[in-house]
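Following: one structure in structure tokens, then a few remarks.
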Amino acid sequence: MQRTNPKKEDFFLFRSFFFLALALLISSISSGQSLSQKLSENSVSIVSHRGVIDGETLENSLLGIKMAYERGIDFFEIDVRKGGNGELYLLHDATLDRTTNGKGPLENKSTEELQQIKLTGSGEFLPKFSQLLEFAQENQIYLMLDIKEPILQEVMGMVRDFGLSDRCLVLTFARDRASEARQIPGDFLISVLVNGAQDLNYYQGLFSDRDFLAYVSKEAPIELYQLVRDQSIPIVTDVMGAIDEQAQIDKGKSYQSFQEDRQAAVIVSDFPILLRNQLN
């Protein structure tokens, strides 16, 4: 009978447990903090509108997003559209005219045509959604997705494939889109547009078994904000336009009064660094 070496067996057992623990630790680190955790631990989370830093940086640009991330911004609102080649791209408009060197609808462009499209200003090629997801996977960033086309299932499928569902918030501005988002698998968050008590009641019924966020317009009466808060529903709003512009004049003081009245959980801005410096 072959004799065993207890010390050798103990060593191999220890090594197995060590590498298992190491794998679990790496998995935990790579997955990072979820968006739900981030929102629960911060009084307010600041979002860069279309990846813009200061109102002038090119929108929906990977270069701009990376610059913002280096300056401490980790939450980005971005737009996703589908090209004629079936690829998903970062683009707000249906056409290429305003922000690129291209012309016409994105959905009409072939692979060969899209390979020549560059963003005006930075000269970077039209960013693919997959490139943003790769960057998000490698860094601790969060995504607010504005998806105007009927590609929500496809977009969230890609998010799920990259393991980023729990770091995403999907914006919905209509009841049918909110219902569609609710049925998609994944632990992503969903925001719904609330214009009054009727909307609030409807969405509380629709999301009876799932948390959601309420997008309340910056022009909405303070009473509506209070009504939503009374139901313990986190509020999303934005300060683009006049409020952002006024903040450039008063060095951000208008942001403080805005938030004191509304107590939003998430605020979207074209000047996220100034907003963050005033509220955090």
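Tabulated results
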item	result
GluC sites (Glu not before Pro) restricted to the range 172-280 and DSSP loop, no more than 15 other C-beta within 10 Å	Glu219
Net charge contributed by nearby residues that have their C-beta within less than 9 Å of Ser36 (K/R +1, D/E -1)	-2
Ranking of Ile65, Ile235 by count of other Cβ atoms within 10 Å, fewest first	Ile235, Ile65
Subset of Lys118/Lys253; Lys38/Lys82; Lys109/Lys218; Lys218/Lys251 violating a 27 Å alpha-carbon distance limit	Lys118/Lys253; Lys38/Lys82; Lys109/Lys218
Distance in nm between pseudo-label sites at Asn139 and Ile151 (7 Å out along the Cβ direction from Cα)	2.3
Positive-pole candidate from Gln246, Leu91, Asn280, dipole of the chain, charges at beta carbon	Asn280
Estimated FRET transfer efficiency when R0 is 22 angstrom, pair Met158-Arg210 (beta carbons, to 0.05)	0.55
Sequence ranges 89-96, 143-150, 163-170, ranked by mean other-Cβ count within 10 angstrom, highest first	163-170, 89-96, 143-150
Bridge type composition, the range 33-279 - antiparallel percent by DSSP, nearest 5	20
At R0 = 51 Å, FRET efficiency that the Cβ-Cβ distance of Glu70 and Arg175 yields, to 0.05	0.85
In the range 178-234, the trypsin sites (Lys or Arg not before Pro) that fall in loop regions by DSSP, at most 13 other Cβ within 10 Å	Arg210
Extension gain (nm, one decimal) between Glu124 and Glu41, 0.36 nm per residue minus Cα-Cα	26.3 nm
Under the span-like rule (Cα at least 24 Å along the axis, Kyte-Doolittle mean at least 0.5), DSSP H helices of the chain	6-31
Alpha carbon convex hull of the range 148-256, projected area averaged over orientations, nm²	8.1
Shape of the range 33-279, Cα gyration tensor, a/c cut at 1.5	oblate
Per-residue HN-Hα couplings for the range 98-114 [Karplus 6.51, -1.76, 1.60; θ = phi - 60°; Hz; x = Gly/Pro]	6, 10, 9, 8, x, 9, x, x, 4, 5, 9, 8, 7, 4, 4, 5, 5
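Every read-out reported here was derived from the displayed coordinates using simple, explicitly stated rules and does not represent laboratory data. This one's a predicted model, so the numbers in the text were calculated from it and none came from an experiment. Positions of Cβ are generated from backbone atoms using ideal geometry, with glycine treated the same way; all protein chains shown enter the neighbour counts.
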